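Below: one structure, written as structure tokens.
Taken together, the values in this text are just the output of simple stated rules run on the coordinates, not laboratory data. None of the values given here were measured: they were computed from a predicted structure. Cβ atoms come from the backbone with ideal geometry, glycine included; neighbour counts cover every protein chain shown.
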Amino acid sequence: MLRKQSLLAIAAGLALAVASQSADAAKIKIGFLPGVVDPFYQVMQLGVEAAAKDLGVDVVTQIPPTWGVQVQTPILDSMIARGDLNYIITAPTDKDQMVGPLKAAVDAGIKVITVDTFLGDGDYVKGPVKFPISYIGSDNTEGGRIAARGLAKAIGGEGTVYINSTNPNVSSVEGREKGFKEVIEKEYPKIKVLGPDYNLDDPNKATQQTAAVLEREPKLAGVFGTNVFSAQGAGAAVVNAGLGGHVQVVAYDATKLAIELMGKGVVSLVLAQKPFDMGYMAVQFAVADAAGVTSLPRRVETGFAIIDKDNVKDPAVARFVYQVPGK
Amino acid sequence: MTERGSRIVLPAGTSPSGLRTSSQRLALLLSRIWAWLFLALMILFFVIAVPLMSGGSVNFLTIRNSQNILVAIIPVLLLGLGQTFVIIAAGIDLSVGWVMSLASVLSALALRWAFDSGAPLFPAVLVGLVAGVGGAAVVGFVNGVIISKLKVPAFIVTLGTSFIVRGVAYLMSENTTVIGLPAGIRAYGNDALLYYIPGEGGGLYFLDRPEVSGELLRRMDTILPYPVVVTAFVVLCTMFLLHKTQFGRHTYAIGGSLQAAERTGIPVDRHIIKLYILSASTAGIAGFLSTLRFTAGSAVIGDPLLLSSIAAVIIGGVSLFGGAGTVIGTVIGALIIAVLTTGLVMLNVEAFWQFIVVGTVVIIAVLIDQSRDLITGRQRRNAAA
């Protein structure tokens, strides 16, 4: 694992070095199409824009108002039809359904980099989908494992826990569910897992679903919210039920709300992903590819910052909380 | 929308049209063609603004973009076509979005089953079509029966079935995207009648996707993809049905006045059942086509489309009080929404502006519909009371 990471770091560093030299030579234009409006993608957009400024490239950003292939595809098609984009950095909203529409971008001469979510099985070397340059995102299965161990520890290794998730067949949250269940099954035989329920990226729905499970399972000990909306909803339901401190919540994604709830003792662990890194590196990769770099890693894992109540005040950790200036 | 029969349809001879002034006639004409004008002006705006804003590197009027717009309107339009009939008959069908999702899941499951049991690709696709549209039609039948026989307001019935259908779609898809479909169906959902490669080494190809790569592939335009052709065929069928047949005349009559339609001997209950079957079926076609396009079935695919499809119908001039509207109006309404989305992306304006513009246009459409009634002297009983 460590060796792989350092190899990636070297490759990325190399890419950056080459990229910064030739940035002026080839003026490229990049389209950025994330999955939906939320703090995670807004921070990623900051990373994209910062890199674009540093490397002197143009970026065109379009954020889908709701999650789904039926919303993302027409926007993607219009970006392709502009005819002036060289690269598209995107978070596919379905790992299978978005293969065709993104292949059409490649056919039109636009190279694709996926961030946060991937296509197929995420292995662009040996897997069923090979055309994207790279996947830059979290190792979500590992994130799920970390969440499982954190939650298991918080509830003392036994009881019933519940997963609230966003959408089926989305590579990121699917990985988190898988990793979570895997660890509980193998390492914590006294813990029973319920769910996942899918809230379709709607925090109100997540609240409702979690509230219903709290009613149904009076002995529920913990909740795992697999992304921004799930964690917000799960946290709100626990607070509404007056069960803060009795039901532990582990939140994927470090929104300000999740950190606030940690202060109140509702959320015991927050996994901060590094969306800024994802956005910044994706632009670097595009610039490097344009400059002729051929050894870009096909998969980059950006890692996590694990936030709990002991380190939340530490500036080195707190910087990973998703903050968008002015919002 | 539930005030069935609330409009008095004046017999031909008593219409006060003879008393109209020329300015009234102009206003009337404008009220009929304003959606066309709005679409034309919007396209003109994008044709000028897009190159201007991008420094000349992006153009709105390209073959690729025109085809994009045609592909983008498909789901909204198909949901809107059946809805047009239902709303003309003074009903509403709130279930179409989730019926589309159900059809997408059903067609994917059936297609996969047929192919895995050894059927060749084309028959397997037909099995998918029958399963998707057939399953949707069953929902339409249930809607129609409850509305016409049990006299429950359409709004409530279709709201109810939309939830039921949603649950069924999730359960059938086992809560995930239905994958494992034969790769060949991609061609059905994405290939086209014509391919055009401009410039050197290019040419025009009919029904035969040229095996090119690199620069030639980049320049290739895909013209009239099959789903667009299928949708155009459905548009023609519904135009014929609404404007040339007894079925269409009965639809207007029921929307004009339910009681009057009953008195003239129209089999109202049976007609209403047929209308909801039709509405669900066009949604079923939309679901089937989306399965081909994305080579997978999805229980969430129609969710974001319901409100856009109703907006398209209203913008197109179908009166929510029933009795008035055309198929071509709905096509224009769907085009306005699709052109907006595409144009705003090309201008690099945030997509959210689309909602503000569409919302405004919907309200204008209803205002124009009402002012037309004022000019023509048509009245609503409830408005007069």
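Between B:Gln24 and B:Leu61, the simple spin-label model (points 7 angstrom out along Cα→Cβ) gives 3.9 nm.
Listed by chain and number, the aspartates and glutamates whose alpha-carbon sits under 14 Å from that of A:Lys53, ignoring those within fewer than 8 places in the same chain, are A:Asp24. In this calculation the C-beta distance from A:Asn240 to A:Asn311 is compared with R0 = 25 Å, giving a FRET efficiency of 0.35. If R0 is 45 Å, what FRET efficiency do you get for A:Ala104 and B:Ile156 from their C-beta distance, rounded to 0.05? Here the calculated transfer efficiency is 0.60.
Inter-chain Cβ neighbour count for A:62-75, averaged per residue, equals 6 (cutoff 10 Å, partner chain atoms only). Taking every alpha-carbon pair under 8 Å whose residues sit at least 6 apart, chain B reaches a relative contact order of 33 percent.
Its alpha carbons considered, the range B:35-375 gives a radius of gyration followed by a Dmax of 20.9, 68 Å.
Write out the GluC sites (Glu not before Pro) in the range A:98-187 meeting two conditions: DSSP loop, and at most 16 other Cβ atoms within 10 Å of their Cβ. Of the GluC sites (Glu not before Pro), the ones in loops of the range A:98-187 whose Cβ has at most 16 other Cβ atoms within 10 Å are A:Glu158. Peptide packing for B:276-288, A:28-40 was compared via the average number of neighbouring C-beta atoms within 10 Å per residue; ordered from the highest value, the list is B:276-288, A:28-40. Fully extending the segment from B:Arg263 to B:Leu126, taken as 0.36 nm per residue of separation minus the present Cα-Cα distance, adds 45.1 nm. Net charge in the neighbourhood of A:Lys126 (other residues with Cβ under 13 Å of its Cβ; Lys, Arg +1, Asp, Glu -1) is +1. For chain A, the orientation-averaged shadow of the C-alpha convex hull comes to 16.1 nm² (one quarter of the hull surface).
Among rounded, prolate and oblate, which fits the range A:140-272 when a ≥ b ≥ c are the square roots of the eigenvalues of its C-alpha gyration tensor, a/c under 1.5 means rounded, and a/b larger than b/c means prolate? It is rounded, given that a/c, with a ≥ b ≥ c, falls under 1.5. All other residues with a Cβ under 13 Å from the Cβ of A:Asp289 taken together, and with Lys, Arg as +1 and Asp, Glu as -1, what is their net charge? The answer is +2.
Peptide B:174-180 has a mean of 5 when you count, residue by residue, the C-beta atoms of other protein chains within 10 Å of its C-beta. The trypsin sites (Lys or Arg not before Pro) of the range A:162-236 meeting both criteria, a DSSP state outside H, G, I, E and B (loop) and at most 13 other C-beta atoms within 10 angstrom of the site's C-beta, are A:Lys190, A:Lys219.
In a simple Cβ point-charge model (Lys, Arg +1; Asp, Glu -1; nothing else charged), chain B has a dipole of about 1340 debye relative to its Cα centre. Straight-line reach from A:Lys178: taking Cα to Cα under 24 Å and skipping same-chain neighbours fewer than 8 places apart, the lysines in range are A:Lys4, A:Lys95, A:Lys126, A:Lys130, A:Lys153, A:Lys186, A:Lys190, A:Lys192, A:Lys205, A:Lys219, A:Lys274. Once the Cα atoms are used to define both axes, helix B:306-315 deviates from the longest principal axis of chain B by about 60 degrees. Per residue of B:345-354, other chain Cβ atoms within 10 Å of the residue Cβ number 5 on average. Could you work out how far helix B:154-172 tilts from the main Cα principal axis of chain B, as a 0 to 90 degree angle to the nearest 10? The angle comes out near 20 degrees. For the pair A:Val324 and A:Thr294, label points projected 7 Å from Cα toward Cβ lie 4.1 nm apart. Charging the Cβ of each Asp and Glu at -1 and of each Lys and Arg at +1, and nothing else, the dipole of the protein assembly as shown about its Cα centre rounds to 1620 debye. Ellipticity at 222 nm from helices only: DSSP H runs of n ≥ 4 in chain B, each -39500 (n - 2.57), divided by the residue count, give -23000 deg cm²/dmol.
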